[in-house]
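Have a look at the structure below, then the notes.
The values are calculated or read from the model by the stated rules, or taken from the named source; none is laboratory data. Predicted model, so just to flag it, every value in this text is computed and none were measured. Here the Cβ is made from the backbone with ideal geometry for all residues, glycine too, and neighbour counts use every protein chain on show.
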């Protein structure tokens, strides 16, 4: 059976939570509001100042503020969310989540081995697997997943492992 060894770091935990947040409608709504709607209103105000009030300098200043707001507000929001995510987990929770992991595929279940012991997850209990260029996430509930950072895989082929896990999840459905 296929097996991989890897390590989960604090930045990987934050990356998973960011991945989850980016897929929520409320976060998308906040980003749209700060990237498009508010700067759009400021641009209209800028044009009104320049055309109707004949105040070119004030119009340019408002236009520059609109451009800066649209470009910098997403950066600030993401920084603020990361800061909040770091504070979300206690030291005890981090100690349980972070560390070295071994995942082994068996015919009827996925076996996870950590410093705290071994747990077995039947394939029917695993919802899905998502992979991108930096991570693979094996979802065991809607908001909980096994985080596999590509950068820390020390043994095993992650690409093949992901294919096999996906096949087992599909067969179990």
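Would you confirm whether any residue within the range 134-146 is in contact with a strand residue (DSSP E or B) (Cβ under 8 Å, 6 or more places away or on another chain), at pLDDT 90 or above and not in a strand (DSSP E or B)? Yes; the residues of the range 134-146 include at least one that is in contact with a strand residue (DSSP E or B) (Cβ under 8 Å, 6 or more places away or on another chain), at pLDDT 90 or above and not in a strand (DSSP E or B).
State whether the residues of the range 118-127 include one that is touching a residue at least 60 places away in the same chain (Cβ under 8 Å) and in a helix (DSSP H, G or I). Scanning the range 118-127 turns up no residue that is touching a residue at least 60 places away in the same chain (Cβ under 8 Å) and in a helix (DSSP H, G or I). Looking at 162, 111, just one residue is over 20 Å from the mean Cα position of the chain (by Cα), modelled with pLDDT of 90 or more and surrounded by 12 or more Cβ atoms within 10 Å (Cβ to Cβ), and that residue is 111. Taken over the range 74-88, the residue count meeting the criterion of being at pLDDT below 90 and more than 19 Å from residue 11 (Cβ to Cβ) is 1.
Residue-level analysis places residue 28 outside the set of residues that are outside the structural domain of residue 159 (by TED's automatic domain parsing), surrounded by 13 or more Cβ atoms within 10 Å (Cβ to Cβ) and part of a helix (DSSP H, G or I).
Checking each residue in the range 133-152 for being touching a residue at least 24 places away in the same chain (Cβ under 8 Å) and surrounded by fewer than 17 Cβ atoms within 10 Å (Cβ to Cβ) picks out 134, 143, 152.
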